[in-house]
Amino acid sequence: MAPEPLDPPVLGVDASFSGKRWLQRPCDARIALGLAQQHDLPEIVGRLISARGISTEEVTAYLDPKLSTYLPDPAHLLDMSVAVDRLVAAVRAKQKISVFGDYDVDGATSSALLKRYFRALGQDVRVYIPDRLKEGYGPTIPALDQLKSEGTDIVITVDCGIASHEPLSHAKAAGLDVVVLDHHVAEAGLPEAVAIINPNRLDETSVCGQLAAVGVTFLFLVALNRGLRDAGYFSDANLEEPDLMQWLDLVALGTVADVVPLTGVNRALVVQGIKVMSRRHNEGIKALSDVANLDEVPAAYHLGFIFGPRVNAGGRVGEAGLGSQLLSTTDPGEAARLAQQLDTYNQERREIEERIQEEAMAQAEGQGDRSVIMVFGEGWHPGVVGIVASRLKDRYNLPACVVAVADGKATGSGRSIAGLDLGSTVIAARQQGLLRAGGGHAMAAGFTLDADKLDDFHNFLDERVGAVIREQEIVPTATVDGVLTIGASTLELIETVQCLGPFGSGNAEPRFAYSGLRVVNVSVVGRGHVRCVFSNAGGARMQAISFRSAETALGHHLLNHGDQPVHVLGRLRENVWQGRSSVQLQIDDAAPASA
């Protein structure tokens, strides 16, 4: 069967400097125009809304996303009523509750959310975050035994547990009740637990599959709050019912940092959570803002690239529980100390990451004929391999795996490209006995294996992924939302486009193409960033920057432009310098204008 013909590339760019084909984001021009006219928006914004699948009837709610519109009834999730009944009984009986969380931001925010909620009920919970290097991911038998020995009656796992069959069976036999709050894709057989709340269970029919673990945790607390209210707990205990909205800043942080799609309920959670965050009531987040010298209202960018890496740093290269502690504390002094410690760990993480990335890039250069890039090294830190894999994927437009090897054991992380489900491929490798453990989702996966099986695993991935690439004729693409001129790129347009945010996974920030620009000034600044000034035929100019690109093909062509015109693709930014605002283009790609 012949493949469907490809759409014509935008501005004729079939192979950019980054090796990508520029394709227009599909949009019904008639609907777009109607949206723009009805809601008094620029036509380009009407196109952006239409391209996101928003109907005329949905626009008002989309432009002002409220939880009352988007938050589903948690009672519809499987096992929710069972979990609520068990926790209502535990709260009434003042049983000891412990939380077992993952060491990433999603796990830290989920754990902190539970700790703050139960603290509001007058009950302190024990939070256990495993050491990434010593214990690995998810609950283990020794950890659960420790919690049991401390007197724990019930454990709530957050952002983990869905694949922990043996540890949870052990917990049940030991008389330890477990409730799982997770969002990772489950397999057919579920572990033994009192309740498993996971929108990605195979038998789940809800539409909440894109929630992060912190979103699942928030829904659980909505249901638990309701359950305690219906049971008369708040009136009996003479307690004020906790206002869950006050903790939406944690939900927003975990949702953005876990890179789940910012659509529907996730987008509403983040929009409302950022409003809560701007009030600076959380001492931990306030301390993070201070240590990062953030002097503006946080946006999704700050959550993903300023706060997230620092909260993550403890789990990556330091003490795994610091992030959860920071987000849970109500003591300003403790918050300042923890934020400073995490900032120090983040600096260490950057240095480790840069060293490993340099070695990984050198190793990857010889794999141009492979369908999957796989690099590995003795002594590489497992806490940063995922970040480096993401950079390799971006550079080569191929799925990439980066593996840390120590004592004959290999621990790796992979990142994929659109159209290739890496998680299912890793699961297939595990089922064939190539891996000790492994799983993930379409765009990211993690795995462990014996080091002597690395070549076999690479060949397996290469064969599976290569077959998909050949069958589907997958080519790297860059999505274009519209073609603009420098004159149309105004601060007013930037402000209007922001109403479509927050931007991130599943709700990509609009990217605009510019035709036939000339580079009139270019230099390398900071850590390999390329700064440019572009000019059009009429002499209008625009500032631009391309991050971390000096050593890439894109950066090379910008720095050695030879006064040849280029098509440019990027995202519009407001650049504030000494109190003055101007338009700046963040360059994503470029191509020769003759393409």
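Could you list, ordered by first residue, the pairs with Cβ atoms under 7 Å in which the first is in segment 39-51 and in contact (Cβ under 8 Å) with a residue 60 or more places away in the chain and the second is among the small types (Gly, Ala, Ser) and not in a helix (DSSP H, G or I), at least 6 apart or interchain?
The qualifying pairs are Ile44/Gly482; Arg47/Gly482.
Between a first residue in segment 363-389 that is closer than 26 Å to Arg310 by Cα and a second residue that is in a helix (DSSP H, G or I) and among the acidic types (Asp, Glu), which pairs have beta carbons less than 6 Å apart while being 6 or more apart in sequence or on different chains?
Gly377/Glu359; Val384/Glu353; Ile387/Glu353
A quick yes/no check of all residues on (1) on the phi < 0 side of the Ramachandran plot; (2) outside the structural domain of Gly304 (by TED's automatic domain parsing); (3) surrounded by 13 or more Cβ atoms within 10 Å (Cβ to Cβ):
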{"position": "Cys499", "(1), (2), (3)": "yes, yes, yes"}
{"position": "Gly506", "(1), (2), (3)": "no, yes, yes"}
{"position": "Ala513", "(1), (2), (3)": "yes, yes, yes"}
{"position": "Val525", "(1), (2), (3)": "yes, yes, no"}
{"position": "Phe534", "(1), (2), (3)": "yes, yes, yes"}
{"position": "Ala537", "(1), (2), (3)": "yes, yes, no"}
{"position": "Arg548", "(1), (2), (3)": "no, yes, yes"}
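Thr263 - would you say it is among the hydroxyl-bearing types (Ser, Thr, Tyr) and within 23 Å of the chain's Cα centre (by Cα)? So that I can check it myself, show each step before the final result.
On the way: among the hydroxyl-bearing types (Ser, Thr, Tyr): yes; within 23 Å of the chain's Cα centre (by Cα): yes.
When the stated conditions are applied, Thr263 passes them.
So is Tyr137 of a type in the set (Phe, Trp, Tyr) and either outside the structural domain of Val216 (by TED's automatic domain parsing) or more than 30 Å from Glu241 (Cβ to Cβ) (or both) or not?
Numbers: of a type in the set (Phe, Trp, Tyr): yes; either outside the structural domain of Val216 (by TED's automatic domain parsing) or more than 30 Å from Glu241 (Cβ to Cβ) (or both): yes.
So Tyr137 passes the test.
Looking at Pro242 and the list (1) in contact (Cβ under 8 Å) with a residue 60 or more places away in the chain; (2) more than 26 Å from Leu326 (Cα to Cα); (3) surrounded by fewer than 21 Cβ atoms within 10 Å (Cβ to Cβ), which single condition is not satisfied?
Failing condition for Pro242: (2).
If we keep just the residues of segment 573-586 that are of a type outside the set (S, T, N, Q), surrounded by fewer than 23 Cβ atoms within 10 Å (Cβ to Cβ) and assigned to a strand (DSSP E or B), which is farthest from the chain's Cα centre (by Cα)? Break it down into steps so the answer makes sense when it comes.
Taking segment 573-586 first, the residues of a type outside the set (S, T, N, Q) are 573-574, 576-577, 579-580, 583, 585.
If we keep only those that are surrounded by fewer than 23 Cβ atoms within 10 Å (Cβ to Cβ) too, we end up with 573-574, 576-577, 579-580, 583.
Then keep just the ones that are assigned to a strand (DSSP E or B); that gives 573-574, 576-577, 580, 583.
Numbers: Arg573: 21, Glu574: 24, Val576: 27, Trp577: 29, Arg580: 32, Val583: 27 Å.
Result: Arg580.
Examine segment 62-80 for a residue that is over 22 Å from Ala212 (Cβ atoms), more than 26 Å from the chain's Cα centre (by Cα) and part of a helix (DSSP H, G or I), and state whether such a residue exists.
First pass over segment 62-80, keeping only residues over 22 Å from Ala212 (Cβ atoms): 63-64.
Subsequent filtering for residues that are more than 26 Å from the chain's Cα centre (by Cα) retains none.
Checking segment 62-80: not a single residue is over 22 Å from Ala212 (Cβ atoms), more than 26 Å from the chain's Cα centre (by Cα) and part of a helix (DSSP H, G or I).
Could you tell me how many of the residues in segment 492-517 are under 28 Å from the mean Cα position of the chain (by Cα) and more than 14 Å from Val10 (Cβ to Cβ)?
The first filter runs over segment 492-517 and keeps only residues under 28 Å from the mean Cα position of the chain (by Cα), leaving 493-513.
Pick out the ones that are also more than 14 Å from Val10 (Cβ to Cβ) and you get 493-509.
Going through segment 492-517 one residue at a time, the tally reaches 17.
From the list Leu219, Leu211, Leu224, pick out the single residue that is of a type outside the set (D, E, K, R), in a loop (DSSP other than H, G, I, E, B) and in the same structural domain as Ala93 (by TED's automatic domain parsing). Let's see the steps before the verdict.
On the way: Leu219 fails: in a loop (DSSP other than H, G, I, E, B); Leu224 fails: in a loop (DSSP other than H, G, I, E, B).
Result of the check over Leu219, Leu211, Leu224: Leu211.
Name, by its number, the condition in (1) without any contact (Cβ under 8 Å) to a residue 40 or more places away in the chain; (2) touching a Gly at 6+ places or on another chain (Cβ under 8 Å) that does not hold for Asp455.
(2)
Scanning segment 332-360 for residues that are in contact with a helix residue (DSSP H, G or I) (Cβ under 7 Å, 6 or more places away or on another chain) and more than 21 Å from Ile306 (Cα to Cα), which turns out surrounded by the most Cβ atoms within 10 Å (Cβ to Cβ)?
Applying the first criterion (in contact with a helix residue (DSSP H, G or I) (Cβ under 7 Å, 6 or more places away or on another chain)) to segment 332-360 yields 332, 335-336, 338-343, 345-346, 348-349, 352-353, 356-357, 360.
Restricting the remaining residues to those that are more than 21 Å from Ile306 (Cα to Cα) gives 356, 360.
Numbers: Ile356: 21, Ala360: 25.
My answer is Ala360.
Any residue that is surrounded by fewer than 21 Cβ atoms within 10 Å (Cβ to Cβ), more than 24 Å from His441 (Cβ to Cβ) and at pLDDT below 95 - is there at least one of those in segment 379-393?
yes
Of everything in segment 550-569 that's in a loop (DSSP other than H, G, I, E, B) and under 32 Å from the mean Cα position of the chain (by Cα), which residue is surrounded by the fewest Cβ atoms within 10 Å (Cβ to Cβ)?
That would be Glu551.
Can you find, within segment 90-107, the residue that is nearest to the chain's Cα centre (by Cα) among those that are farther than 21 Å from Tyr233 by Cα and part of a loop (DSSP other than H, G, I, E, B)? Explain how you work it out, then say what you get.
Taking segment 90-107 first, the residues farther than 21 Å from Tyr233 by Cα are 99-107.
Restricting the remaining residues to those that are part of a loop (DSSP other than H, G, I, E, B) gives 102-104.
Working: Asp102: 15, Tyr103: 14, Asp104: 11 Å.
Selected residue: Asp104.
Criterion first (free of Cβ contacts under 8 Å to residues at least 60 places away in the same chain and of a type outside the set (Lys, Arg)) does Gly227 satisfy it?
Numbers: free of Cβ contacts under 8 Å to residues at least 60 places away in the same chain: no; of a type outside the set (Lys, Arg): yes.
Criteria not met by Gly227.
A quick yes/no check of all residues on (1) assigned to a strand (DSSP E or B); (2) closer than 19 Å to Ser81 by Cα; (3) over 24 Å from the mean Cα position of the chain (by Cα):
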{"residue": "Val127", "(1), (2), (3)": "yes, no, no"}
{"residue": "Tyr137", "(1), (2), (3)": "no, no, no"}
{"residue": "Lys148", "(1), (2), (3)": "no, no, yes"}
{"residue": "Glu166", "(1), (2), (3)": "no, no, yes"}
{"residue": "His170", "(1), (2), (3)": "no, no, yes"}
{"residue": "Ala188", "(1), (2), (3)": "no, no, yes"}
{"residue": "Gly215", "(1), (2), (3)": "no, yes, no"}
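The values are calculated or read from the model by the stated rules, or taken from the named source; none is laboratory data. No experiment lies behind these values; they were computed from the predicted model shown. So basically every Cβ, Gly included, is an ideal-geometry build from the backbone, and we count neighbours across all protein chains shown.
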